[in-house]
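One structure is given below, encoded as structure tokens.
The values are calculated or read from the model by the stated rules, or taken from the named source; none is laboratory data. Model, not experiment: these values are computed from the prediction. Using ideal geometry, Cβ is built from the backbone for each residue, glycine included, and neighbour counts are taken over all protein chains shown. Heads up: the accessible areas ignore ligands, DNA and RNA and are worked out on the full protein's heavy atoms, side chains in. Shrake-Rupley method; radii C 1.70, N 1.55, O 1.52, S 1.80 Å.
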Amino acid sequence: MSDDLGLFTDPEVDERRPVKRERRESSARDKAKKRKKTVLWLVVALVLSVGLGGAYYGYRELRGIGSYDDFPGSGEADAIVEVQDGDVVSVIASTLYDNGVVASARAFTEASKTDQRVTSIQPGFYLMKTKMSGAQAVAKMVDPKTRVPAVQIVGGIKLTDIKVGDKIVKGIYSQLADASCTEKDGAKKCLTVDEIKAAAEQTDPVALGVPDWALADVKRAEPEYRLEGLIMRGVYQVKPGVSAVELIRSVIVSSAQKLAGAGIPGGTANTGFRPYEVLVMASLIEKEAIEKDFTKVSQVIYNRLKKPMALQFDSTINYKNNQPHIRTSDADRDRPGPYNTYLTQGLTPTPIGSPSQQAIAAAMKPEGGDILYFVKCQKDGTSCFATTNEEHNANDQKAQRDGVY
């Protein structure tokens, strides 16, 4: 009877058991898949770690970081090395390695542990030697004579030299020529002023790094004056041993960054003048006044241009005549030309010297008021300002009586 009634003939039992078996088989398959995925990801992670580790090891070896090779001597050929702002010792070491100065970056870093002066190495260019020992490289890097002197451009300086009595005041071109010098095999080699001047006057302004906002005016200007004012006051690191074009370009590009920081072209939008015109005004302000009077001279320029009225600045005539004097003669003022602001209304075609950040700020934001005249009335360079010609003449006569000029 029991066989006849058998459990396997029960419909419920016949349906359940295959379902349980299928679930067990599905669960086993899922677990197997998970195990395979886990193994696969472990393999991938292992390959990546080995690959990255190998890549990092290769990078360290390529940069001379991991190895500790060292040259035995004090060096062979000249090598110019640049230290950039923010470079730490390890970065300087890699730079030296890249330039063939040391056999490995580690040779420099290990040697530097005994000389704390390496942490004070300043940005700039350094005249080193190839194949130096780490210790020799450290000693030379911390020697002040190794660093190429930076070019210090002061406000109002011109591109070319000015003779003041028996003294020559070096212009920008002469200063760049001095900074271009390298010494090889005991012989000093420099770019000449004429080479730098020729490159400045004959090279495409774009190749010289002239910013877009100044290109049209630079192209219109006489070649002799076209770069005037584009190198603003400041300190410039100049790489020696490069071509005249590369030298000028590096300074122009650096100056463009300084000008941008001072507000040209970004801060000129509300002045009513183009960025280049603001640069011209800043150069006039720099030449005509001492810093405390900058904003007032700027206001005189704005007011005279608005009337319109000739600027009548002696500095613009003296710029073309290459003279440093404050005053001009009747003959100078009667000689026509674009830089004679007695006879020609408006701004000069180019700046007349290197402007400072303070002069640029004054050109963008004048003092305010109706002043139209000024004259140097004190021996420290202070000017007296006036709204009428009568007031101005009185100030002028008093300045002469006081022996100001």
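What the table below lists for this structure:
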{"read-out": "Solvent-accessible surface (1.4 angstrom probe) belonging to residue 68, in square angstrom, nearest 10", "value": "120"}
{"read-out": "Semi-axis lengths (Å, descending) of the ellipsoid that matches the C-alpha gyration tensor of the range 223-371", "value": "26, 20, 13"}
{"read-out": "Percent RCO, i.e. relative contact order, over the range 198-266, from Cα pairs under 8 Å lying at least 6 residues apart", "value": "40"}
{"read-out": "Carbon and sulfur %, accessible surface of the range 168-304 computed with the full protein complex present, 1.4 Å", "value": "49"}
{"read-out": "Dipole in debye (nearest 20) - the range 132-244, about Cα centre, beta carbon charges: Lys, Arg +1; Asp, Glu -1", "value": "400"}
{"read-out": "At 1.002 mPa s and 20 °C, Stokes D of the range 193-233 from Kirkwood alpha-carbon radius, µm² per second", "value": "205"}
{"read-out": "Given charges at Cβ of Lys, Arg, Asp, Glu: the range 242-306 dipole, positive-most of 250, 267, 283", "value": "267"}
{"read-out": "Residue 309 - accessible surface, heavy atoms, 1.4 Å probe, Å² rounded to 10", "value": "40"}
{"read-out": "Carbon + sulfur, % of accessible area of the range 346-405 - ligands and nucleic acids excluded, 1.4 Å", "value": "44"}
{"read-out": "Members of 189/239; 158/296; 197/320; 258/292; 188/258; 131/239 lying beyond 25 Å, as alpha-carbon distances in this model show", "value": "188/258"}
{"read-out": "Extended-chain gain in nm, criterion 0.36 nm per residue less alpha-carbon gap, residue 333 and residue 380", "value": "14.4 nm"}
{"read-out": "Residue-level accessible surface for residue 181, protein heavy atoms, 1.4 Å, Å²", "value": "30"}
{"read-out": "Cα centroid separation, the range 174-251 to the range 297-374 (Å)", "value": "26"}
